[in-house]
Amino acid sequence: MTHNEQNQTPEVDENRLIAERREKLHALRGQGEAFPNDFRVTADAATLLERFGDAERWDQETLESHDEQYRLAGRILSRRIMGKASFVHIQDSSGARIQLYLRRDDLPEGVYQAFKQWDIGDIVGVTGTLMRTRTGELSIQASDLKLLTKSLRPLPEKWHGLSDQETRYRQRYVDLIVNPEVRDTFVRRSLIIRAIRHFFDDQGFLEVETPMMHHIPGGATARPFVTHHNALDLDLYLRVAPELHLKRLLVGGLEKVYEINRNFRNEGVSTRHNPEFTMLEFYWAHADYNDLIRLTQSLFNQLIDDLPGVSGGRVEYQGEIIDFSGDYDRIEVVDAVIEHYDELSREDIKDADKLRAVCRKHDIHAEDGWGWGRLLMELFEAGVERRLIQPTFVTQYPIEVSPLSRRNEKDPDFADRFELIIAGREIANGFSELNDPEDQAERFQAQVEARDAGDAEAMHFDQDYIRALEYGMPPAAGEGIGIDRLVMLLTDSASIRDVLLFPYLRPEATE
RNA sequence: GGGCCGUUAGCUCAAUGGUAGAGCAGUAGGCUUUUAACCUAUUGGUUGAAGGUUCGAGUCCUUCACGGCCCA
């Protein structure tokens with residue numbers, strides 16, 4: 001028995017197709033270097049198709065006189081062998097597919113014979129000139145061809161491709177090879193994140209990195225993952241949010257900071273939740289939540305405008321047209337709830353018994369220990385949130401559910417906080433920051449009491465954070481934007497798994 | 001956590017409780033402008049796992065695993 005059960009057992013799914021390819025590989029080993037790395041490309045498929053794609057301007061005659069040699073490397077996706085000539089489609093690093101025309105007599109001695117033994121999935125290097133076929137497809141007429149990597153496993157079928165969701169997520173590398181739209185999604189994700197960085201850099205924010213491993217989890221109400229440091233014999237938590245560290249930086253005088261990084265929350269997995277996910281958080285001294293709203297709106301206006309394929313700030317998401325242009329609607333939580341629940345009036349809002357009764361009436365989950373603030377939010381989430389399709393800033397959240405936010409000066413039971421709701425989902429959450437160390441200590445204490453009463457998501461008391469506030473944190477505002485959910489919106493993806501290269505899945509059953 | 005659906009050849013899918021099949025891929029042969037190339041022949045299965053019912057189970061029942069969708 002192996003002493004490391006985590007490591008995979010040897011391959012057991014070796015089938016006949018793989019065995020045949022393995023034999024071809026063994027033959028290759030006998031003929032010299034089987035995995036050469038001396039082929040260098042001079043062109044890529046997308047660029048050639050872009051530049052020479054116009055069939056009128058670049059007809060066969062013009063291409064012949066162009067007479068330039070190109071070297072491309074890519075994976076064979078399909079083959080049509082017609083005796084002493086063949087057509088092959090390869091897909092290269094650009095993601096585009098280009099056809100090769102191979103004629104025995106154009107290639108060095110023996111190359112064509114060797115090629116006929118190669119397989120779909122093999123990676124090849126081709127040297128040749130451009131041509132246009134009788135049916136008008138821009139192709140490369142090969143003068144040389146080299147096998148760069150032998151593929152041992154057959155690719156999914158050329159026509160139906162790979163559609164099994166589980167295999168697509170588990171073997172994303174195969175999904176990326178055969179489903180071009182998957183590649184497009186992740187290219188777009190990268191563009192979005194780059195644009196966000198660019199925006200914040202432009203606004204004078206400093207990108208920082210704060211710890212992923214915390215002694216005291218904090219910054220969000222969520223269950224953390226626990227891990228263990230062996231040498232120090234110490235339990236550590238994977239961070240649920242970077243908030244408290246970023247605000248320590250405000251104390252330290254880094255007054256405009258942002259971080260784009262992973263958070264980890266120990267909760268269920270669904271089409272909207274992955275145990276690890278990417279969050280943007282940014283903090284801005286001498287600004288309040290109204291400044292954040294303005295900044296967020298300009299971020300979204302600009303981001304969506306610059307995105308390829310978007311016009312007029314409109315994006316289609318799952319059949320709904322979402323308009324990101326202009327100013328977004330604003331509504332206070334209380335107004336939204338009163339509007340939606342006829343039986344509630346403004347005077348009832350701080351009446352927990354009344355709210356609890358309304359929850360019961362609408363079959364909304366409510367726990368005994370919850371105060372009016374928490375109940376109000378349950379009513380909001382159950383009845384209102386999913387109806388907010390167009391971007392909407394929902395403002396003024398109860399203090400009970402906002403343990404790190406600054407109190408509203410007119411009604412200290414509420415926080416100067418907002419969430420940006422789009423397509424019925426929370427996309428951003430921001431607020432004026434609480435920088436009163438004594439108030440913060442009391443709020444931590446309330447969280448600890450909730451923990452003791454059984455709320456596993458409640459926060460811990462972070463003494464060092466209080467100490468930092470006691471040195472004085474400048475008045476500030478801060479915000480978090482869920483990158484995965486944003487990318488879902490902007491790639492029309494129904495599931496968070498479709499915007500994560502390697503979404504979390506349970507381990508595959510072994511044997 | 002609950003409900004519904006799914007898991008059959010490498011891939012995509014069929015198969016009234018009664019002989020497990022097709023297309024693509026593969027293999028062998030033919031074909032020097034094809035493009036889901038074509039023509040001929042042909043290989044390939046622990047039907048997710050384990051039990052049960054039955055003369056007989058891919059199909060019915062139970063449990064489990066994994067996945068999808070919805071709900072909390």
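The values are calculated or read from the model by the stated rules, or taken from the named source; none is laboratory data. Since this is a predicted model, take the numbers as computed values, not measurements. Heads up, the Cβs are rebuilt from the backbone with ideal geometry, glycines too, and the neighbour counts pull from every protein chain shown.
Can you name every residue in the stretch A:99-119 that is closer than 21 Å to A:L25 by Cβ, of a type outside the set (D, E, K, R) and surrounded by fewer than 17 Cβ atoms within 10 Å (Cβ to Cβ)? Steps first, answer last, please.
Narrowing the stretch A:99-119 to residues closer than 21 Å to A:L25 by Cβ: A:110-119.
With the extra rule that they be of a type outside the set (D, E, K, R), the set shrinks to A:110-115, A:117-118.
Listed by number, the residues that qualify are A:G110, A:Q113, A:A114, A:Q117.
Restricted to the stretch A:368-386, and to residues that are in contact with a helix residue (DSSP H, G or I) (Cβ under 8 Å, 6 or more places away or on another chain) and of a type in the set (D, E, K, R), which residue is farthest from RNA strand B (Cβ to nearest atom)?
By that ranking, first place goes to A:R374.
Which members of the stretch A:245-280 meet the condition of being within 16 Å of A:A428 (Cα to Cα), part of a loop (DSSP other than H, G, I, E, B) and charged (D, E, K, R)?
A:R272
Name every residue in the stretch A:15-26 that is of a type outside the set (K, R), surrounded by fewer than 12 Cβ atoms within 10 Å (Cβ to Cβ) and either more than 10 Å from RNA strand B (Cβ to nearest atom) or part of a helix (DSSP H, G or I) (or both), in order of residue number.
A:A19, A:E23, A:H26
Output the number of residues of the stretch A:373-400 satisfying the condition of being touching a strand residue (DSSP E or B) at 6+ places or on another chain (Cβ under 7 Å) and over 18 Å from A:F418 (Cβ atoms).
Taking the stretch A:373-400 and keeping what is touching a strand residue (DSSP E or B) at 6+ places or on another chain (Cβ under 7 Å), we get A:373, A:376-377, A:385, A:388-399.
In the following step, the residues that additionally are over 18 Å from A:F418 (Cβ atoms) were identified as none.
Here the count works out to 0.
Does A:D323 qualify as being out of contact with any helix residue (DSSP H, G or I) (no Cβ under 8 Å at 6 or more places or on another chain), surrounded by fewer than 21 Cβ atoms within 10 Å (Cβ to Cβ) and not assigned by TED's automatic domain parsing to the domain that holds A:D464?
no
Suppose we filter A:A450, A:A446, A:A458 for residues that are farther than 30 Å from A:V187 by Cα, touching a Gly at 6+ places or on another chain (Cβ under 8 Å) and among the small types (G, A, S); which single one remains? It would help to see each step written out before you state the result.
Values: A:A446 fails: touching a Gly at 6+ places or on another chain (Cβ under 8 Å); A:A458 fails: touching a Gly at 6+ places or on another chain (Cβ under 8 Å).
Testing whether each residue is farther than 30 Å from A:V187 by Cα, touching a Gly at 6+ places or on another chain (Cβ under 8 Å) and among the small types (G, A, S) leaves just A:A450.
For the stretch A:190-212, which residues satisfy the criterion of being of a type outside the set (S, T, N, Q), in a helix (DSSP H, G or I) and exposed (fewer than 13 other Cβ atoms within 10 Å of the Cβ)?
Narrowing the stretch A:190-212 to residues of a type outside the set (S, T, N, Q): A:191-202, A:204-209, A:211-212.
From what is left, the residues that are in a helix (DSSP H, G or I) are A:191-202.
Matches in the stretch A:190-212: A:R194, A:D201, A:D202.
Among the residues of the stretch A:132-172, how many are hydrophobic (A, V, I, L, M, F, W, C), under 16 Å from A:H66 (Cα atoms) and out of contact with any helix residue (DSSP H, G or I) (no Cβ under 6 Å at 6 or more places or on another chain)? Spell out the reasoning first.
Step one: of the stretch A:132-172, the residues hydrophobic (A, V, I, L, M, F, W, C) are A:138, A:140, A:142, A:145, A:147-148, A:152, A:155, A:159, A:162.
Retained after the next criterion (residues that are under 16 Å from A:H66 (Cα atoms)): A:138, A:140, A:142.
Retained after the next criterion (residues that are out of contact with any helix residue (DSSP H, G or I) (no Cβ under 6 Å at 6 or more places or on another chain)): A:140, A:142.
Number of matching residues: 2.
If you go through the stretch A:111-138 one residue at a time, how many are more than 8 Å from RNA strand B (Cβ to nearest atom) and free of Cβ contacts under 8 Å to residues at least 24 places away in the same chain?
Within the stretch A:111-138, residues that are more than 8 Å from RNA strand B (Cβ to nearest atom) and free of Cβ contacts under 8 Å to residues at least 24 places away in the same chain number 1.
Give the stretch A:213-244 a look and list any residue that's surrounded by fewer than 14 Cβ atoms within 10 Å (Cβ to Cβ) and in a strand (DSSP E or B), or say none.
A:M213, A:V226, A:T227, A:H228, A:H229, A:L234, A:D235
Anything in the stretch A:66-88 that is within 23 Å of A:G110 (Cβ to Cβ), within 10 Å of RNA strand B (Cβ to nearest atom) and touching a residue at least 12 places away in the same chain (Cβ under 8 Å)? List them, or say none.
Of everything in the stretch A:66-88, those that are within 23 Å of A:G110 (Cβ to Cβ), within 10 Å of RNA strand B (Cβ to nearest atom) and touching a residue at least 12 places away in the same chain (Cβ under 8 Å) turn out to be A:I76, A:R79, A:I81, A:K84, A:A85, A:S86, A:F87, A:V88.
Any idea which of A:L162, A:L148 is touching a residue at least 40 places away in the same chain (Cβ under 8 Å) and more than 18 Å from the chain's Cα centre (by Cα)?
Values: A:L162 fails: touching a residue at least 40 places away in the same chain (Cβ under 8 Å).
Criteria check complete, one pass: A:L148.
Which ones in the stretch A:306-361 are of a type in the set (D, E) and assigned to a loop (DSSP other than H, G, I, E, B)? Give the steps one after another, and end with the answer.
Narrowing the stretch A:306-361 to residues of a type in the set (D, E): A:306, A:316, A:320, A:323, A:327, A:329, A:332, A:335, A:339, A:342-343, A:347-348, A:351, A:353.
Of everything in the stretch A:306-361, those that are of a type in the set (D, E) and assigned to a loop (DSSP other than H, G, I, E, B) turn out to be A:D327, A:D342, A:E343, A:D351.
Select from the stretch A:453-507 the residues that are among the charged types (D, E, K, R), within 15 Å of RNA strand B (Cβ to nearest atom) and in contact with a Ser or Thr (Cβ under 8 Å, 6 or more places away or on another chain) and write down the one among them that is modelled with the lowest pLDDT. Outline the logic, then answer.
Going through the stretch A:453-507, the residues among the charged types (D, E, K, R) turn out to be A:455, A:457, A:462, A:464, A:467, A:470, A:479, A:484-485, A:492, A:497-498, A:506.
Retained after the next criterion (residues that are within 15 Å of RNA strand B (Cβ to nearest atom)): A:457, A:484-485, A:492, A:497-498, A:506.
Narrowing the set further to residues that are in contact with a Ser or Thr (Cβ under 8 Å, 6 or more places away or on another chain) leaves A:457, A:484, A:497-498.
Numbers: A:E457: 88, A:D484: 97, A:R497: 97, A:D498: 97.
Across the stretch A:453-507, the extreme among qualifying residues is A:E457.
Can you confirm whether A:A446 is surrounded by fewer than 23 Cβ atoms within 10 Å (Cβ to Cβ) and in a loop (DSSP other than H, G, I, E, B)?
Numbers: surrounded by fewer than 23 Cβ atoms within 10 Å (Cβ to Cβ): yes; in a loop (DSSP other than H, G, I, E, B): no.
In short, no.
Looking at A:G219, A:G204, which one is in contact with a helix residue (DSSP H, G or I) (Cβ under 6 Å, 6 or more places away or on another chain) and in the same structural domain as A:L486 (by TED's automatic domain parsing)?
Details: A:G204 fails: in contact with a helix residue (DSSP H, G or I) (Cβ under 6 Å, 6 or more places away or on another chain).
After ruling out the rest, the residue left standing is A:G219.
Output the number of residues of the stretch A:89-107 satisfying the condition of being near RNA strand B (Cβ under 9 Å from one of its atoms) and of a type in the set (D, E, K, R).
Qualifying residue count for the region: 4.
Could you please find all residues in the stretch A:28-53 being touching a residue at least 12 places away in the same chain (Cβ under 8 Å) and outside any loop (DSSP other than H, G, I, E, B)?
A:L28, A:A45, A:A46, A:T47, A:L48, A:L49, A:F52
Go through the stretch A:166-185 and give me each residue that's within 8 Å of RNA strand B (Cβ to nearest atom) and surrounded by fewer than 17 Cβ atoms within 10 Å (Cβ to Cβ).
A:E166, A:T167, A:R170
Does any residue of the stretch A:33-47 turn out to be over 24 Å from A:G125 (Cβ atoms) and either among the basic types (K, R) or at pLDDT below 95 (or both)? Outline the logic, then answer.
From the stretch A:33-47, those over 24 Å from A:G125 (Cβ atoms) are none; that's our starting set.
Scanning the stretch A:33-47, I find no residue that is over 24 Å from A:G125 (Cβ atoms) and either among the basic types (K, R) or at pLDDT below 95 (or both), so the answer is no.
Within the stretch A:222-250, track down each residue that is closer than 21 Å to A:R265 by Cβ and acidic (D, E).
If the condition is that a residue be closer than 21 Å to A:R265 by Cβ and acidic (D, E), then A:D235, A:E243 are the ones that fit.
From the list A:G369, A:G383, A:G373, which residue is among the small types (G, A, S), in a loop (DSSP other than H, G, I, E, B) and not assigned by TED's automatic domain parsing to the domain that holds A:M459? Explain how you work it out, then say what you get.
Numbers: A:G383 fails: in a loop (DSSP other than H, G, I, E, B); A:G373 fails: in a loop (DSSP other than H, G, I, E, B).
The match here is A:G369.
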